Amino acid sequence: MGAGVRLGVIGLGNIGQQHLGHIRSGAVQGCEVTALCARQPSVLAAETGATQFADYREMIDSGLVDAVLVATPTQSHRDIGMYALERGLHVLMEKPLGLSVGQAAEMVDTAGDQVFALMLNQRLDPVFVDMKTLLDEERLGPIQRTSWTMTNWFRPEVYFQVSDWRATWVGEGGGLLLNQCIHNLDIFQWLCGMPVRVNGFCGFGRYHDIEVEDEATAYFEYTSGATGTFVGSTGEVPGVNRLDIVGDLGMLSYDGERLLHTRNEPGTVAYNGSTRDMFGQPETVTQDITPKGGVNQHALVIQNFVNAVTSGEDLIAPAAEGLHSLSLANAILLSSWEGAAVEMPLDPVHYEHALAHRLASSSLREKADLEVNVDMDKSYR
């Protein structure tokens, strides 16, 4: 392999075209798109000079690519990922890794020395990067409570109607939790760690004509004694995006626009044990620490992947990291199905058996032939 990465893009839907656009615009350096894979002929092949394939296996075996970016519906992730990894190609996978944590773990275990990354782009959001730094520096002290209400994922019925795989068990392995909120679950555990027990409560087809969850509420318990809640929905307007992390020394609050850091002076534990004021509380100071400006998250993840292949740069989002958010999504569903708390780490075999019942009665829907407006910038929250 020369100085650049010969990249094949598998899947030319909305997100695949967007990733391709980042590369073609020059936002990603050090790679050349040499092959494309899609079921239907695309003008993008002529525009890019890439060879188009209808079968991902032919593309992977063609010798034209060193790495693949997989941007296909979730149900195909395992087969494509395994085929590419077994043949030694580097892989960048769109989220989630698979329908279940068992499928995802199989791919992670198959990867050898090649680079295997996941599109967990929100780890590059300056807000979450700053929150991560403050938490790693223990600026909040021991965490007491975490809470994220993320109901700002509204999707109208047409979003599901024009797809044959979205919001089906067989096509996606779930709905809200596997598609939209997988990013939030990743950031939640990235910042606060993994819980040891999960209680989940889901609404299945509550707001849409779908078989999977479009509303979820989860209660997390951590080894430290801290607790957390997570609420998500694709059926609410106006939605809420509110993340609070409360510690002994203060809290971080993000409302989707502003990041606030509140400091307790002194810490809650110290004040609680020393004060003689029956109705007192520590003094607090709140500072707006919202980062200025944003970044092209997707382009940066692709660039990091390319750099990892060419120069060994550490991955921002190794595929193995995707197991955590997928485990949380699976655990919330399993808890809701069984009406009981789920101990973590999740038993993948137990989950596969529970999912199998849903898969057995699920099928891809017939896509509606509708003209729709697609503005990908509006799809991100």
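Within the option set Q103, Q122, Q114, Q75, being open to solvent by 50 Å² or more (accessible area, probe 1.4 Å) and either of a type outside the set (D, E, K, R) or touching a strand residue (DSSP E or B) at 6+ places or on another chain (Cβ under 8 Å) (or both) holds for one residue only, Q75.
For the criterion of being open to solvent by 10 Å² or more (accessible area, probe 1.4 Å) and at positive phi, E157 fails.
Scan the range 98-114 for residues that are closer than 15 Å to D347 by Cβ and outside any helix (DSSP H, G or I) and the total you get is 1.
With respect to the conditions (1) open to solvent by 20 Å² or more (accessible area, probe 1.4 Å); (2) modelled with pLDDT of 95 or more; (3) closer than 30 Å to T168 by Cβ; (4) not small (G, A, S), V91 lacks only one, and its number is (1). Scan the range 71-97 for residues that are of a type in the set (D, E, K, R) and not in a loop (DSSP other than H, G, I, E, B) and the total you get is 3. Tallying residues that are assigned to a loop (DSSP other than H, G, I, E, B), open to solvent by 20 Å² or more (accessible area, probe 1.4 Å), closer than 28 Å to S363 by Cβ and not hydroxyl-bearing (S, T, Y) within the range 186-209 yields 3. Return yes or no: is L36 assigned to a strand (DSSP E or B) and either under 23 Å from the mean Cα position of the chain (by Cα) or among the hydroxyl-bearing types (S, T, Y) (or both)? Judged against the criteria, L36 is not a match.
Conditions tested, residue by residue: (1) over 18 Å from A340 (Cα atoms); (2) modelled with pLDDT of 95 or more; (3) touching an Asp or Glu at 6+ places or on another chain (Cβ under 9 Å).
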site	(1), (2), (3)
L176	yes, yes, yes
I187	yes, yes, yes
L191	yes, yes, no
V198	no, yes, yes
G203	no, yes, yes
R206	yes, yes, yes
E211	yes, yes, no
G225	yes, yes, no
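V28 passes every criterion in (1) hydrophobic (A, V, I, L, M, F, W, C); (2) closer than 12 Å to G11 by Cβ; (3) not in a strand (DSSP E or B) apart from (2).
Restricted to the range 271-381, the set of helices (runs of 4 or more DSSP H) holding at least 2 residues that are buried (at least 16 other Cβ atoms within 10 Å of the Cβ) and of a type in the set (K, R) is empty. Checking A354, A308 one by one, the residue that is in contact (Cβ under 8 Å) with a residue 12 or more places away in the chain and touching a helix residue (DSSP H, G or I) at 6+ places or on another chain (Cβ under 8 Å) is A354 and no other. Of all residues in the range 129-154, those being surrounded by fewer than 22 Cβ atoms within 10 Å (Cβ to Cβ) and outside any loop (DSSP other than H, G, I, E, B) number 11.
The values are calculated or read from the model by the stated rules, or taken from the named source; none is laboratory data. Just so we're clear, the structure is a prediction, and the values are computed from it rather than from any experiment. In this analysis, Cβ positions are derived from the backbone assuming ideal geometry, glycine residues included, and neighbour counts consider all displayed protein chains. Remember, those area values only see protein heavy atoms, side chains included, never the ligands or the DNA or RNA. Shrake-Rupley method; radii C 1.70, N 1.55, O 1.52, S 1.80 Å.
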